[in-house]
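Remarks on the structure that follows.
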């Protein structure tokens, strides 16, 4: 079955599109933050390590806020959580150009903007959609939601680069703060349908018991380990790919279009992953994605560093970039149901962003110490291979037949 055949209620379809549009705005700017590293360093002289640390703190905070925001959304609904998160994101973006110290950059770019973006991200939005979508369509719906974030990266990366060139990095960041406000009417439309959480076949034992049970589940912990690697990989590239392009003697335009191509390719990857969730076991989908990343990185290291190499590299990686989200969320839903999906998937995203912190920060340390990112590339290959293997032992329920669905 397809999403179109199952989503016969107009409100359900609009819910998915509104959530995808919100993610397009919040993730589009966040996934393009690497474009600011060079201009901020040139203007402030804070150094690559200090800026990388602020970016790394941002990676961790974005993940740390997910289970907290998810818990509040599970209890109070998504509307107030999304609204407060958006306002924090706007304030953080507007204040960043005023800071002149490493601590100030950590507080604004690392804490405030990441806290706001994380609150308006996967854990809350996926849960809001899952509560309103038929079970057999949740995989496809999560793919569409995820594609919204990828579309944002495709749109925002070249736009931010043009704004930086035309207005400077400060003017660009203030412009992005204003653009972010466009998500407010989308949030109002998304949360206008205030269905209660779907009825469960088992008694609701409470949030604390749900978390305790999850943390004792080996499959859930293995899922965290693989997602940790995903975060390391993505944060390293988001933060340092523009610098890697510069080290190869290419222009910033190549970096912005590489990030845009990643986003465009991930639209395809997200939709494909979402549809595959309804057909194949999600753990095999994840294993294939992580394994392919190791292959693409190895090919990149062996290839001549031209602009077309970066575009091809971006295209290959983009197919799996954030396409890991639908199968990961599907496994969490299969293991524990959707009542506390926002919280439990939020904890999984925290693991993702602990990896993200290390990917962003260690990249800056390695560059400063070695003058290149070679150690990071080889670590990325090893971690991607490990992630592919640890997903295989996950005990996942078989896919139900179409008749059963």
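Within the range 100-117, the set of residues being surrounded by fewer than 24 Cβ atoms within 10 Å (Cβ to Cβ) and in contact (Cβ under 8 Å) with a residue 12 or more places away in the chain comprises 100, 101, 102, 105, 106, 108, 111, 112, 115.
Of the residues making up the range 10-17, at least one is within 17 Å of residue 153 (Cα to Cα) and modelled with pLDDT under 85. Selection of the range 72-87 for residues being surrounded by fewer than 21 Cβ atoms within 10 Å (Cβ to Cβ) and in contact (Cβ under 8 Å) with a residue 24 or more places away in the chain yields 75, 77, 79, 83, 84, 87.
Listed by position, the helices (runs of 4 or more DSSP H) contained in the range 249-362 that have at least 3 residues being touching a helix residue (DSSP H, G or I) at 6+ places or on another chain (Cβ under 9 Å) and under 23 Å from residue 19 (Cβ atoms) are 252-277, 282-302, 325-336. Considering every residue within the range 118-125, establish whether at least one is assigned to a helix (DSSP H, G or I) and surrounded by fewer than 22 Cβ atoms within 10 Å (Cβ to Cβ). Checked against the condition, which is being assigned to a helix (DSSP H, G or I) and surrounded by fewer than 22 Cβ atoms within 10 Å (Cβ to Cβ), the range 118-125 yields no hits at all. From the list 273, 294, the one residue that fits, being surrounded by fewer than 24 Cβ atoms within 10 Å (Cβ to Cβ) and under 17 Å from residue 322 (Cα atoms), is 294. In a residue-by-residue description of the range 176-186, the property of being over 19 Å from residue 70 (Cα atoms), modelled with pLDDT under 75, surrounded by 13 or more Cβ atoms within 10 Å (Cβ to Cβ) and more than 16 Å from the chain's Cα centre (by Cα) applies to no position.
The values are calculated or read from the model by the stated rules, or taken from the named source; none is laboratory data. Computed from a prediction, not measured in an experiment: that's the story for all the values here. Please note: Cβ atoms are built from the backbone with ideal geometry, for glycine as well, and neighbour counts cover all protein chains shown.
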